[in-house]
1. Checking the conditions here, which among SER4, SER21, SER15 is surrounded by fewer than 10 Cβ atoms within 10 Å (Cβ to Cβ), assigned to a helix (DSSP H, G or I) and not charged (D, E, K, R)?
2. For LYS41, state whether it is among the charged types (D, E, K, R) and modelled with pLDDT under 75.
Amino acid sequence: MQRSRKNENDLIHTSEQQVTSAEERALNAEREMSKLQEQLKEKQLEHYRTAQDLQNQIQKLIRQTPETINDATQTSMEGKEFFKL
């Protein structure tokens, strides 16, 4: 009877340890998941900013294109005038 009670107590103790261990692992997993979610948010923000920068650069280049074409046309016409002389 005493031996049975000791075995029962040992089983209870082992079960409690397993539960505690499982809870600790769950908490660690939650912490890790939170950390990864934060890293994901940072990366998403970084990508958003990069995309915005690229859009701004594209818009700037689009605005410059007519000016560049005009400059090239003017240079080309000046070259033709030079060769006519």
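The values are calculated or read from the model by the stated rules, or taken from the named source; none is laboratory data. Source: prediction; values computed, not measured. Reconstructed Cβ throughout: ideal geometry from the backbone, glycine too, with neighbour counts over all protein chains shown.
1. SER4
2. Spelling it out, it is not the case that LYS41 is among the charged types (D, E, K, R) and modelled with pLDDT under 75.
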